[in-house]
Amino acid sequence: MPDLSLEAYISTAELTRLIGIALDEDLGPDRRDITSELMIEPDQQGQAVFRSRQAGRLCGMAILPALAEAIDDALKFEPALKLEPTLNDGAEIAAGDKLATLAGPMRGILAMERIALNLLTHLSGIASQTSLYVTAVEQSLSQTQAKICDTRKTLPGLRALEKYAVAAGGGVNHRIGLYDAVLIKDNHLAHIPADQLATKLTEAVNHARHRSPKPAFVEIEVDTLEQLRIVLAAKPDIVLLDNMNPGQLLEAVMIRDRQGEGVLLEASGNITLETVAVVAGTGVDRIAVGAITHSAPALDIGLDIT
């Protein structure tokens with residue numbers, strides 16, 4: 001199970017803001033559930049169980065205590081909601097597993113239900129999809145140390161939590177945004193004449209490494225092997241190999257080993273569960289998969305009143 005810390009991804013203030021948006025969406029500005037007001041007495045107490053209905057990798061449990069506290073503050077019922085987690089983020093789960101119990105005012109339980117499930121199913125879906133890719137690489141016949149990386153293909157406002165979910169699934173986080181690492185892509189280079197490219201890239205890499213704060217890494221994208229040879233001379237930390245087939249990736253690794261010792265190679269572009277093991281077997285160090293965030297199906301999790 002991975003060693004996870006939600007606080008490393010999102011501050012208490014940011015999590016509070018995100019939960020506040022969720023409460024605004026569901027309970028409106030007056031913080032009301034008009035259906036429960038019709039059907040549930042204010043003092044009625046109850047208990048419910050979060051339970052998985054599908055096997056996968058769990059993520060989102062660490063958010064629930066703050067959500068329960070926010071529901072209490074919004075609806076002001078007594079006593080406070082009591083959450084007792086059974087499993088933690090990163091755990092492998094089977095269909096039918098008990099994830100947590102929630103006890104307290106029924107109106108509070110029902111107000112929390114959908115927000116909690118939205119977060120749990122979405123983040124667990126990402127963690128589960130990531131885990132499938134990680135497992136496919138680990139179980140491949142090749143001797144590989146390739147790591148599955150995420151991308152910036154995330155939902156606005158949820159990037160921190162989605163990257164946390166990738167880590168829960170055993171993946172590795174790429175840059176957080178445009179501000180923390182350098183990734184020079186084809187659109188950054190389109191205006192530069194070919195005979196000036198090597199000089200411009202070397203200057204850019206050197207300038208990046210003298211910035212304050214220093215970027216987490218300097219990476220350059222290529223889509224041909226000839227570009228790779230030019231880029232390696234600039235000595236970036238990582239070269240992104242975009243949309244190369246396995247044969248090209250194998251050759252790219254050989255070129256790197258001859259000309260760019262210490263430079264990591266990252267494969268990217270249309271990599272699927274069916275192809276990821278072959279890509280890993282070429283000897284690349286990292287495999288970027290946008291699908292683990294932008295196309296991960298939700299994991300089926302429910303809340304059952306007991």
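The values are calculated or read from the model by the stated rules, or taken from the named source; none is laboratory data. The structure displayed is predicted, hence computed values, not measured ones. FYI the Cβ positions are ideal-geometry reconstructions off the backbone, even for glycines, and counts take in every protein chain you see.
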**Item:** Members of segment 122-138 that are hydroxyl-bearing (Ser, Thr, Tyr) and in contact with a strand residue (DSSP E or B) (Cβ under 8 Å, 6 or more places away or on another chain)
**Value:** 124, 128, 130, 131, 133
**Request:** Those residues that are buried (at least 20 other Cβ atoms within 10 Å of the Cβ) and over 14 Å from residue 300 (Cβ atoms), I need them from segment 45-58; list them, please.
**Result:** 48
**Item:** Which listed residue, of 157, 125, 171, is outside the structural domain of residue 33 (by TED's automatic domain parsing), closer than 30 Å to residue 80 by Cβ and either of a type in the set (Gly, Ala, Ser) or over 18 Å from the mean Cα position of the chain (by Cα) (or both)
**Value:** 157
**Message:** All but one of (1) within 29 Å of the chain's Cα centre (by Cα); (2) buried (at least 16 other Cβ atoms within 10 Å of the Cβ) hold for residue 12; state the number of the condition that does not hold.
**Reply:** (2)
**Item:** Scope segment 233-248; condition touching a residue at least 24 places away in the same chain (Cβ under 8 Å), surrounded by fewer than 22 Cβ atoms within 10 Å (Cβ to Cβ), in contact with a helix residue (DSSP H, G or I) (Cβ under 7 Å, 6 or more places away or on another chain) and not basic (Lys, Arg); matching residues
**Value:** 233, 246
**Asked** Is there a residue in segment 260-282 that is under 30 Å from residue 51 (Cα atoms), β-branched (Val, Ile, Thr) and not assigned by TED's automatic domain parsing to the domain that holds residue 125?
**Response** yes
**Item:** Matching residues, segment 76-91, being touching a Ser or Thr at 6+ places or on another chain (Cβ under 8 Å) and more than 27 Å from residue 31 (Cα to Cα)
**Value:** 86
**Request:** Starting from segment 69-84, keep only residues that are in the same structural domain as residue 29 (by TED's automatic domain parsing), then list their pairs with residues that are surrounded by 11 or more Cβ atoms within 10 Å (Cβ to Cβ) and among the basic types (Lys, Arg) whose Cβ atoms are within a distance under 8 Å, requiring at least 6 positions of separation or different chains.
**Result:** 74/31; 75/31; 75/107; 77/107
**Prompt:** How many of the residues in segment 84-132 are under 22 Å from residue 293 (Cβ atoms) and assigned to a loop (DSSP other than H, G, I, E, B)?
**Reply:** 4
